[in-house]
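Worksheet: one structure, shown below.
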Amino acid sequence: MLCVNFFLFRVVETDPLANMFRGRQVPDEVIDRLRSQFGLDQPLGTQFLLYLKETFSLNMGVSYRSRNEVWDEIVSRIPATVALVGTSAVFSAIFGTLGGIVAGWRRNTWKDHSITSSTMVLYSVPEFWLGMLFLLVFAVSLGWFPIGGMYTAGSNATGIAHIADYLRHLFLPALTLTLAYLGEYTLVTRSSLLEVMNEDYLTVARAKGLRDLKVRNAHALPNALLPIVTLAAINLGYILSGAIAVEAVFSWPGLGQATANALQGPDFPMLQGLFLVFSASIIFFNFVSDVLYVYLDPRVEEV
Amino acid sequence: MRRFLVLAVVALLAFSVVPAAVAQEDDTVTIRVGNTQDWETLNPTWGYLVSEWEVWNNQYEGLTTRDENLEIAPGLAESWDGSDDGLTYTYTLRDGLTWSDGEPITADDVVWTIETSKEQEWENYVYFTQYLTVTALDERTVQVTSSIPTPQLPDMGFIILPKHIWEPLGDADGVASHDGTDGVGSGPFVLAPDGFQDQQAVTMVANPNWYGWEGEEPPVDQIIFRHFENSDAMVAALESGEIDAAHNVPAAAVENLESNEDIEVVIGYQGTIEEIAVNGGAGPAQPHPALLDVEVRRAMGHAIDKQALIEDLWYGHAQEGVTFLPSVDRKWMPEFTDEEKFNFDPDLANQMLDEGGYLDSDGDGIREMPDGTNPIVIRHLVNTNEALAAQYGDLLVGWMGAIGIGVELEAMDSDQLGTAIIEGNYDTFAWGWTPGVDPDGMLSSFIADEIEGWNDANWVDERYDELYLQQIEELDEDTRIEQVHEMMKIFHEGATYISVLETPEIQAYRTDGFEGWVRQPAEDGPIMYSTTSPSYAALQPVGGGGGDDGGVNWLLIGGVAAVAVVAGVFVATRRRGTADERE
């Protein structure tokens, strides 16, 4: 993974400094000094070894664009991204699953059709388009929400007022992402519920004279929801990767925006740092989902 | 499901009302400016983004500045005297200057800034300070000596930094890694404490110590620069009044904004051009051999319909140019006659190519070299980082096709393109330039020494280089202007920049917010993000009031509370219902 991380961004031969200094009056010696300071005058092999060494000592280097520690840059943006993508991941999991349960249990009714088709539409619609639409309707026409950003710029509100301001800015982007992710959960839940519904033990449960709701909640769901655990864990892994499109529409200063900026340099240390964090979080949550499975599914035995 | 819907509606309403209660009404007069670029650093020794310069233009002063006509004007220095040889200037600082934190501004700050910038090679300074030596004659007087004669003096526009803040940072690394958020400056507005957070806004407050207020109360207390990642969202914010002015408005939005009576659109020119450049062949790699014939390049110029480019890509908000502009200041650009310009005339272009012997001998619609071989198919590099580059490419294919020249498009990002240009490994590309005030920077890009450097025309001319060396030392401005004019004619005749558009900064402001915007250059320049951004210190709130209302809408809050109560009752009863059903 470290190899991919390093070479992926260097497949295209580019000179980040040439881009940085285009059209500026800076003597060549100064540019050369900076090039050697960034280690860009070394052969690629040497650069790679240096990168490995520094990464293992948990030093991600200094961003070319901001000249701050990459780690500090990333950490400062994590809260924004986790708040946005995390909130939507949780809400979409909850509401998507609920929708899937209703649709699956009442399949081929108008409820099923309306839930399935509306979540399918939301799932297929491009996120930035949906975001732009919400922006135009709720922020511009109705004026209920601010047009982008994370806080009211220049506000010196503190305490509750500050939090309320933050939530108000968070609402539209989080709503956009929640709706966009909803479809996955609904469809997976619905189909896995349909699968269990034909199982014999459900017939037995009904034969015992249990209420329909009891059959659904106590007998069908625990089995049907297993795939949702996997899906949720995978999605949680992607929380840190941010949401480039939605962050762009709402000017949300998260890791997605940082990635988009770093690509235009290219800011190698920043990109490497970002992708390292992204992959680490995905690996971590996959691991968590595997562990959870052991507890949730008796068929998977601890070895 | 229904209860979730109710809850969602309650949440929606609650969130939308809270802010009204949050926005406390105070008397702070704030101007909000939207911009589509973020900030990487606020360190003026090396930062380079336009958004960052806008902050420094407010926070700092040099010894001199530029007025709205771009003439050198007093900054921290109230006056200066030059020696006859033009090598030595003596500047006298204004009386009683202080930094925004109350420390006095002295000759010592000037000396420290210039000497340290040389010693530590600050990227934004060395070009200006490398030949200067400076001594403090007393608290308010500095003597600046240049080791080479230069017409750029007495301009001393670079930022003088507060020594008491910057010296303790230590060596070059210490200075470079400073984030510039100390907020101590000499200009009309300085960064507020915690004014730079989260990459989404920069807040600046009026500096009561700025000499320009002349002891009066500043009419504007606060500037907030807001970053919008999405320019359509920025335009929407301007329309809704969330911001008072916007920079980098998309050309497509101009017509709509102009129909809004509360909004004024400014199409501001400051020397920015977009060119289609042909490889002149002086680089390491060679273009198609036909392009080495200057007549072919000129013919290509005549085949390009600049008016169509303006209409199609800029919605009419750009103007035809001739060649690059050496300076924001028009005086450095000569007049060109109609014969000299490459006006759109495909018939003429075809005739020129016919006369040069470039005929389509095999009848496939593509001309060949005069010996009948090597069809003229050129490689046009499309810069994927430039919004309009792809359309440029498509249009070029059509225009060149009309004169029997084939075009192959190749997409590259700006780094790759930069490398290809340096190597001379291309036939044509489209890109742009923005000049400074002194023409030296732009002119120096096309000398022979800059091949494999900034010379993106890959073109050289002996006379051009000779004149370049003359003008760089010419102290008489009229003579220097003549020399520069001749250089511009020579470059244009070389026909490497075959199509040039002068492209504007499109900005807009609300007329119900602030008045007193200053264009720079005065006749057709932008009102913000210009050479020295003089607008902010000149702005006055319209009608003298702050403008925004933040009254609490108790009626709405009451309504929301009522809805919440009803929803709560509803949810509670539903709960009981389900509890009853439990076995």
**Message:** Looking only at region A:153-165, count every residue that is at the interface with chain B (Cβ under 7 Å from one of its Cβ atoms) and either within 28 Å of the chain's Cα centre (by Cα) or not in a loop (DSSP other than H, G, I, E, B) (or both) and tell me the total.
**Reply:** 4
**Prompt:** What number goes with the only condition from (1) over 21 Å from the mean Cα position of the chain (by Cα); (2) away from chain A (no Cβ under 14 Å) that B:N256 does not pass?
**Reply:** (2)
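Here's the yes/no breakdown for (1) surrounded by fewer than 21 Cβ atoms within 10 Å (Cβ to Cβ); (2) over 23 Å from the mean Cα position of the chain (by Cα); (3) modelled with pLDDT of 90 or more:
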| position | (1), (2), (3) |
| --- | --- |
| B:P162 | yes, yes, yes |
| B:I165 | yes, yes, yes |
| B:V190 | no, no, yes |
| B:G195 | no, no, no |
| B:Q200 | no, no, no |
| B:G215 | yes, yes, no |
| B:F225 | no, no, yes |
**Asked** Going by the conditions given, is A:R299 among the charged types (D, E, K, R), assigned to a helix (DSSP H, G or I), at negative phi and away from every other protein chain (no Cβ under 12 Å)?
**Response** no
**Message:** Of all residues being of a type in the set (D, E, K, R) and assigned to a loop (DSSP other than H, G, I, E, B) in region A:13-55, which is modelled with the lowest pLDDT? Just the residue, please.
**Reply:** A:E13
**Prompt:** Looking at region B:330-354, which of its residues are free of Cβ contacts under 8 Å to residues at least 24 places away in the same chain and not hydroxyl-bearing (S, T, Y)?
**Reply:** B:E335, B:D338, B:E339, B:K341, B:D347, B:Q351, B:D354
**Prompt:** In region A:261-276, what residues are assigned to a helix (DSSP H, G or I) and within 8 Å of another protein chain (Cβ to nearest Cβ)?
**Reply:** A:N261
**Prompt:** With respect to A:S76, is the statement that it is under 30 Å from A:A245 (Cβ atoms), over 26 Å from the mean Cα position of the chain (by Cα), polar (S, T, N, Q) and within 14 Å of chain B (Cβ to nearest Cβ) true?
**Reply:** no
**Prompt:** Does region B:453-492 hold any residues that are more than 14 Å from chain A (Cβ to nearest Cβ), outside any helix (DSSP H, G or I), more than 22 Å from B:G86 (Cα to Cα) and acidic (D, E), and which are they?
**Reply:** B:D461
**Prompt:** Failed condition for B:T373, given (1) among the β-branched types (V, I, T); (2) without any contact (Cβ under 8 Å) to a residue 24 or more places away in the chain; (3) under 16 Å from B:S499 (Cβ atoms), with all others met?
**Reply:** (3)
**Asked** Can you name every residue in region B:159-211 that is among the acidic types (D, E) and either within 24 Å of A:Q257 (Cβ to Cβ) or touching a Gly at 6+ places or on another chain (Cβ under 9 Å) (or both)?
**Response** B:D179, B:D194, B:D198
**Complete:** Of the residues in region B:535-565, those that are at pLDDT 90 or above and surrounded by fewer than 22 Cβ atoms within 10 Å (Cβ to Cβ) come to B:A537, B:A538, B:Q540, B:P541
**Prompt:** Which condition breaks for B:R32 when tested against (1) within 12 Å of another protein chain (Cβ to nearest Cβ); (2) among the charged types (D, E, K, R); (3) outside any strand (DSSP E or B)?
**Reply:** (3)
**Qualifying residue in region B:229-250 (condition: part of a strand (DSSP E or B), touching a strand residue (DSSP E or B) at 6+ places or on another chain (Cβ under 8 Å) and more than 30 Å from A:I78 (Cα to Cα))** = yes
**Failed condition for B:G180, given (1) at negative phi; (2) assigned to a loop (DSSP other than H, G, I, E, B); (3) in contact (Cβ under 8 Å) with a residue 40 or more places away in the chain** = (1)
**Prompt:** Condition test on B:F429, is it touching a strand residue (DSSP E or B) at 6+ places or on another chain (Cβ under 6 Å), touching a residue at least 40 places away in the same chain (Cβ under 8 Å) and either aromatic (F, W, Y) or within 28 Å of B:M333 (Cα to Cα) (or both)?
**Reply:** yes
**Prompt:** Does B:I263 qualify as being within 27 Å of B:T503 (Cα to Cα), of a type outside the set (D, E), touching a Lys or Arg at 6+ places or on another chain (Cβ under 7 Å) and surrounded by fewer than 23 Cβ atoms within 10 Å (Cβ to Cβ)?
**Reply:** yes
**Message:** Can you say whether A:L240 is in contact with a helix residue (DSSP H, G or I) (Cβ under 7 Å, 6 or more places away or on another chain), buried (at least 20 other Cβ atoms within 10 Å of the Cβ), under 20 Å from A:G183 (Cα atoms) and away from every other protein chain (no Cβ under 12 Å), as far as the supplied structure shows?
**Reply:** no
**Asked** Which one of these is within 22 Å of B:I451 (Cα to Cα), buried (at least 21 other Cβ atoms within 10 Å of the Cβ) and out of contact with any Asp or Glu (no Cβ under 6 Å at 6 or more places or on another chain): B:A290, B:A318, B:A303, B:A299?
**Response** B:A290
**Item:** Flag for B:P168 being outside any strand (DSSP E or B), over 19 Å from B:G47 (Cβ atoms) and in contact with a helix residue (DSSP H, G or I) (Cβ under 8 Å, 6 or more places away or on another chain)
**Value:** no
**Asked** From B:D456, B:D449, which residue is within 27 Å of the chain's Cα centre (by Cα) and surrounded by fewer than 20 Cβ atoms within 10 Å (Cβ to Cβ)?
**Response** B:D449
**Request:** Residues being touching a residue at least 40 places away in the same chain (Cβ under 8 Å), among the hydrophobic types (A, V, I, L, M, F, W, C) and within 14 Å of chain A (Cβ to nearest Cβ): count how many of those fall in region B:100-135.
**Result:** 1
**Prompt:** Given B:D173, B:D179, B:D138, which one is surrounded by fewer than 18 Cβ atoms within 10 Å (Cβ to Cβ) and more than 14 Å from every other protein chain (Cβ to nearest Cβ)?
**Reply:** B:D138
**Message:** Considering only region B:277-295, I want to know if a residue exists there that is charged (D, E, K, R), assigned to a helix (DSSP H, G or I) and more than 30 Å from the chain's Cα centre (by Cα).
**Reply:** yes
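The values are calculated or read from the model by the stated rules, or taken from the named source; none is laboratory data. Computed from a predicted model, the values in this text were never measured in an experiment. With ideal geometry, Cβ positions are generated from the backbone for all residues, glycine too; neighbour counts draw on all protein chains shown.
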